[in-house]
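Beneath this line is the structure, given in structure tokens, with notes to follow.
The values are calculated or read from the model by the stated rules, or taken from the named source; none is laboratory data. Being a predicted model, the structure only gives us computed values, none of them experimental. Every residue, glycine as well, gets a Cβ built from its backbone with ideal geometry; the counts of neighbours run over all protein chains shown. Ligands, DNA and RNA are excluded from the accessible area calculation, which covers all protein heavy atoms including side chains. Shrake-Rupley method; radii C 1.70, N 1.55, O 1.52, S 1.80 Å.
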Amino acid sequence: MPYRIITTIFLGWLAYANVQNQAQTDPLVFPKDKYTVETKTIKTSAGDKTVKIHAYKHLLYVAKPVDKDYQSLDVSVPVEIDGLAVDAQNAPILFAIGVGGYISVNNAKGNVPGGPMFPGGGTPVDRRPGGPPRMQGGGKPQRTSNKDLALAAGFVLVMPGCRGRDNQAADGKYFGKAPAAIVDLKAAVRYLRHNKGRMPGNTDLIFSTGVSAGGALSALLGASGNNDLYAPYLKKIGAAATNDAIFGSACFCPITDLEHADGAYEWMYGSTPGRNGVVDQALSQKLIQQYKYYQEALHLKGQNGFGALTVDNYDDYILNNYLLPSANFFFKNLSDEARKDYLSKNPWISYSIEKGVAFKWTDYVAHVGRMKGLPAFDDFELKSPENIVFGNKTTNARHFTNFSQQQTTKTPAAEIDAEVKKQVDLMNAMFFIQASNKGCAQHWWIRHGTSDNHTSQSVIVNLGTALENQQKNVSTKLYWDAGHGADEDAEDFIAWIKHICATRK
Ligand code: DHB
């Protein structure tokens, strides 16, 4: 046999043996031939689309899991749309974070958050003081989710499980406190990248999405890409040794910047009565004062030469740049009759064809109303979801701000532990954006309802502005009159991803 043929056979065998060997020794190899076939009919504005999917379920994404029910993911690969074959090999990947209320996502049970806050699973609804629960999107009709629309657009959909604040082992130890959820999500991203080429989807085009606590984790995943601070945690669970940066991040009502959210909430709702009347005004003022210093220290600059954003001008900034455009967009789509009806029910708003909508910030805040008590997040009684996120193995809930620590211990100089402080940083997208983290995502989609009172509007606009100030591509919008969890322009989101992918350099 000629020498060249022998060499070719030998090299071919070597490559084959290598692949076999890797599959046997590497627990993180994507099992590309192990799928089931599913068919989904998805409603879009262009009519129903029938999508044939290769569904991969419950793929373990770490080599040393704490609990594989949580540290596994599902992958859906569209292979046919309306009877036409599609090739998703190079398609964008939508990485859909199912977390709500900082509760774990059990991948073995279909990726819905469960536990005490949302016993039925799924996205929470917004409860207004004294009022009925508001549906997602302020009672507007449910639209097709961005996950389904992604499949209908030919994108690969990844749904990771992850640990959360509710996880407790048989021996009573907690195993999902901060920063477990973000560590798991990063490990899941690494799994995808580890399988580059083997798994359909382009790992350079990963876009995360999430709602509320999931929105905050989506923001954090986007902001903290490749940051070394997570390295020991990732190593411990046997995450793939690759990078975890993502290309884009979508954050719906992100409940982020937790350690500053109490002050931000008082800044917005401090004098607005809540369920139990007006909160303690002296404490509210103290929190506002702390927030004032934080806001100044961020050194954020508003759009179009607005200059530094401060607690004194932020109401005007949000009103003119976000609320009025949102209200005007809403009004544009109303018939004359519907507009009249709306105005008669909302006398705090005025309207003229020439000038559009007008209202005052204070009337808007009164209209929305205060939902949470004081402090809104670091609850004196340690009962908020956030207190429970910042527990540890043996303690279910802890304070995570000096303010609440000082108030509850009646010790003016009290400070939270260094261990909690580290958890707080590792859970805050703003921490990484302000530190100009190199692996921060380039593309951002930020959405919030104008009637969502789970956090201050300034938390949302701070996130968008901090990213704008870092020269990121940011789309921040508020949905008029929409409550918690609203997603009213899901098709625009899919078009946004397509545009970014088509025009990227
Ligand atoms: C969620 C809502 C909250 O008000 C909060 O503080 C944390 C999380 C949520 O819906 O995920």
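Summary table
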item: Accessible area per residue, Å², the chain with all protein chains present, probe 1.4 Å; result: 44 Å²
item: Per-residue ³J(HN,Hα) for the range 307-317, Karplus 6.51 cos²θ - 1.76 cosθ + 1.60, θ = phi - 60°, Hz, x for Gly and Pro; result: x, 5, 8, 10, 4, 7, 10, 5, 4, 4, 4
item: Net charge contributed by nearby residues that have their C-beta within less than 14 Å of residue 205 (K/R +1, D/E -1); result: +4
item: Amide H within-cut-off set for residue 475, under 5 Å, with H built and near neighbours excluded; result: 444, 445, 446
item: The chain: calculated mean residue ellipticity at 222 nm from DSSP helix runs of at least 4, using -39500 (n - 2.57); result: -10500 deg cm²/dmol
item: Vicinal HN-Hα couplings computed from phi for the range 32-49 (Karplus, 6.51 cos²θ - 1.76 cosθ + 1.60; Hz; Gly/Pro x); result: 5, 9, 9, 9, 10, 9, 10, 10, 10, 9, 10, 7, 10, 5, 9, x, 5, 10
item: Segment residue 285-residue 87, extension gain: residue separation times 0.36 nm, minus the distance between their alpha carbons; result: 65.5 nm
item: Note, ³J(HN,Hα) from phi for the range 219-234, Karplus 6.51, -1.76, 1.60, rounded to Hz, x at Gly and Pro; result: 4, 5, 4, x, 7, 9, x, 6, 5, 5, 4, 8, 3, x, 5, 5
item: Estimated distance in nm for a label pair at residue 414 and residue 296, the labels positioned 7 Å out from Cα along Cα-to-Cβ; result: 2.7 nm
item: Residue-count net charge about residue 468 - beta-carbon cut-off 15 Å; Lys, Arg +1, Asp, Glu -1; result: +3
item: Tail beyond 44 Å, pair distance distribution of the chain (Cα, percent); result: 16 percent
item: Amide hydrogen neighbours beyond the local backbone of residue 111, cut-off 5 Å, H modeled; result: 106
item: Segment residue 80-residue 316, length gained on full extension (0.36 nm per residue, minus Cα span); result: 80.0 nm
item: Chain lengthening between residue 346 and residue 395 when straightened (0.36 nm per residue, less Cα-Cα); result: 12.9 nm
item: Packing rank of 231-241, 353-363, where each peptide gets the mean count of other beta carbons within 10 Å, highest leading; result: 231-241, 353-363
item: Segments 407-415, 321-329, 305-313, 248-256 sorted - mean Cβ within 10 Å per residue, highest first; result: 248-256, 321-329, 305-313, 407-415
item: Cα-projected label distance for residue 41 with residue 470, points at 7 Å along beta-carbon direction, nm; result: 4.4 nm
item: Protection proxy ranking, peptides 270-280, 284-294, 332-342, average beta carbon neighbours within 10 Å, highest first; result: 284-294, 270-280, 332-342
item: Efficiency of FRET between residue 362 and residue 228 - r from beta-carbon atoms, R0 45 angstrom, step 0.05; result: 0.50
